[in-house]
1. Where does the chain land on Rg(C-alpha)/(2.2 N^0.38 Å)?
2. At a threshold of 8 angstrom on Cα-Cα distance, excluding pairs fewer than six apart, so keeping six or more, what relative contact order does the stretch 425-529 reach in percent?
3. Taking a quarter of the surface of the convex hull around the Cα atoms of the stretch 374-455, what do you get in nm²?
4. With no solvent and one equal point scatterer placed on each C-alpha of the stretch 513-601, evaluate the Debye formula and give log10 I(q)/I(0) for q = 0.15, 0.26 Å⁻¹, two decimals.
5. Rounded to whole Å and sorted largest first, list the principal axis extents of the Cα atoms in the stretch 338-426.
6. Quick check for you: with a 1.4 Å probe and neighbouring chains kept, what is the accessible area per residue of the chain, in Å²?
7. For the stretch 422-497, what is the charge dipole size about the Cα centre, in debye to the nearest 20, if Lys and Arg each add +1 at the Cβ and Asp and Glu each add -1 at the Cβ?
8. Could you give the angle, 0 to 90 degrees to the nearest 10, between helix 335-355's Cα long axis and the longest principal axis of the Cα atoms of the chain?
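The values are calculated or read from the model by the stated rules, or taken from the named source; none is laboratory data. Please read these numbers as outputs of a predicted model, since none were measured by experiment. No Cβ is skipped: glycine too gets one built from the backbone with ideal geometry, and neighbour counts run over all protein chains shown. Just the protein is used for accessible areas: all its heavy atoms, side chains included, with ligands, DNA and RNA removed. Shrake-Rupley method; radii C 1.70, N 1.55, O 1.52, S 1.80 Å.
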Amino acid sequence: MSGPSERESRRAANARKRISRRPSRLGTPAGTAAGPDRPREPGAGFPALLARVWERARAAEDLRSCVDILLSLDGHVPPEVQLRALSTPEEAAFQALWGLTWRRDDTAPAGPGTQTARPGTETAAVDLIEAAAEEPVFVGELALATTGRIVLRGPAQGPLDRRQLVGGVRRVPWSLQAARAYHAELGRAAARTADTVADCRAWLDRQGEKGRDELLEQAKEAALRTAPFVLYQEHRQYTNFREQNSLTGKTLWPGHPDCVLSSLQQLPLELWSDHDVQLLVGLTLLIRSAGAGRVEEANGTQLRIDHVAAMLERIRHSYNSVPGEPVAPAASHGAEDLKTLAEALGARRRQVIRQVPLYREIHGTLMHKVERIATDTEEVRRRDEELSLRLARSLPLTGTTLDELGRSAAADPRWLARPHGTYGTGLEALVHESVAAVAEVFDADFAMSRGMRSLPALIGALRAESWAEICGWDITHYFCCVVPRPRARAHFGGSQGATADAAWAMSSRMQYNSWHFVPGNLPRHPAVVARDHFVPPTIPDIAFFSDQHHHGHVTNNVRFSIRSPQPVEVAGRTFNGFVDLRLLRCAGRPFEQADLLAAHRVSRFVARATTLAAELAAAGAPVEVTAFDAAWHWRTITGTASDTGTGLVPDTGATTTASGTARPGPLGTPR
C-alpha cells in the first residue's frame, strides 16, 4: 500500500510530503516553482461569465430581450431558478411589468425552466405591453448582482447599490397600470408572508425549547455535511460557501458565533427574525423529504415556505408517476401539513429509488440541483453492448452486456487479486480498461474512477473497529485512475505534460473525495464526528457549466460532466459512494440522460468487481492497488518516464492508442 509505513519517522514523513507529486515536477521540492504553469484565463470563472452576460443584456434591443438574457444567464441556467431567486418586491415587479412568475396551478405543474404565468395574467401582460407606450410615471432600474441574481428597483425604492452590481443598470419605465398592479401584488404578498410567519412561529413554539434545539442541530449537521449552498430570505443571504459565511461549513465551525443557526440556540423564539424563522422551518422540511442533499435543490433561490411548498409539490407529482401508493397533497401550506408531506415524500423516495433510476441535474453556474427520474432507452442498451464488447476483449470475462460480464466475474473472481497483463491485480486492470472504454464510447475528454488502495487494510480496521485509524488515513490511501483522450491536449496548450498535470490534479481531487466520503459510512464515533466529511452520494448526476466556481474546475476546464457513485460492501458494511465513474467534456455539447444511464451501468460493474475483490481480501487475498499514482499518469499520458532525480520531464508528443491511453514509454506500462 502506498503511503508512509507505521515506523516512518515524523521527519521522514514531513520530508516526503515536501516533495512535489505533480507529474511534470516529480522529485523536486514542492512550492519552488517560479509561478503557476497555467495562469487562469482572464475570461474564466463566474465573475467573467457575469460580465459577459451583462454586456449581452445591456446591448439587447429591447427590455424584454434583456430580461430573457438575465433570467437564463445567457443560456446557463433554467429561467425558473432566477425567478425563484427574486425578493418579494422584485417578484411583484416581474409580474406587474412582464407577467412573469414561477407560481403555477399545482394541479398542472410546468417543467423546470419554464417561465410561467398565473391564469389570467396572459391578458394582463398584453395590456401591460400596450400600456408601456404611455408616459411613464416612474423610471426604475434593472441590473445583475455579483451573486448572479437579478435585482430590480420598483416604485418608492431607492437607487440600486452600484457596489453590488456587475456593471451598470438598464432603466425600466413604469406605466401607471404597472405601478398599480405592483402595489396590489405587494399587498397580497405581505398578507401571505404575515400568515406564513405567524404559522411558522406557532409551529416552532409547539416544538418547545428542546425540540427547536434538535431542529437547529439537525440543520447545522446538514450544512456541515453537504456541498456548498446559497439560500436567500429576501435580500438576506444564508450560505456555507465562501464570501461572508453565515452557516456552519468549511469556514465556520459548529457553534461559531457567526453561524446564524448557532446564534439562535440561546435566543428566545420571540427574538428570532422572521427570516430566521422561515429559514429553520424551510430547512427542516427539505431535510425531512430526502436528507441533507435536498437542501442543494433550493440553491440560489428564496427559502420561503411558499417556495418549499411548491418544490415538495413538484416532487410529489414526480414520485406519483411511479407505480405504487400515491402521496397525497399537503392539506395546506401550514408548517405541520407540509411536514407531513415532506415525511411522506421521504418514505416514498426510499421505495421509488428501488424501482426507477433517480439522478440530479446540476446547473453549476448557480449550483442549483434538480432531482429527476430517468428512463431507459434503446440508446442506453446500445452503449451497454458496445462497452461490453470492448471489455470482453481486454478482460477474462464473457458476456454481451455489463450485467453478464459482472456475473462472469462473480463466477470466478480469483483473477481480480492476481497480476493481469502489466497490472499488479486484475482489479487494477478492470478499473483502467473500464475508464478507457467509457472515455472513447462516450466521446469524453477525460474519464476517471476512484477507490481505496488497500482493501485488506480497510477490512482489518473494520474488524478491529478502529474508526479513528480509518479517519486518520490521508488521501494517499486512495486512488483515482484518470484517462484523457488525445484531443484533450487542445485544452491545455497542446502539451502532453500539461495534460498529465491536469489529469493528476483531477486524480488528487478524486482521492480527496474518497477521503471525504468514507467516514460518512462509519458509526458516529467521536473520531468520526470530529473528522471533516460529507454525506456520501447515492445517486448519479449530470452537470452543466461546472467551470464557474470550483477553482480546480475553472483551471482544468471541467465544463460538462457525469458522476455515478456506487456502494461497495466491505466486511459486511455497505460503503455508499465508495467508488464512482466520472466523465467530463471541456467544451462542446453537454452530456445527455442516455449517457448518464449507460455510465451508471459501467460504474455498477466496477463497484460489483470491487465488492468481489473485498470478499477475496476478507478471505486473505492481498488485494492492493499500486497503480494510478503521479508517475503512472505521466507515463501513460506522455509515453515517457519522468526523471525523478531532477523532476525535469520531456514533452515528446508521444502517440496514443485509439482508446485514449498513451503507448508505453521506456519503462512500459507501470503497475
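1. 1.03
2. 31
3. So the Cα hull casts an average projection of 6.3 nm².
4. -0.66, -1.21
5. 57, 27, 27
6. Using a 1.4 Å probe on heavy atoms only, each residue of the chain averages 42 Å².
7. 160
8. It is inclined by approximately 30 degrees.
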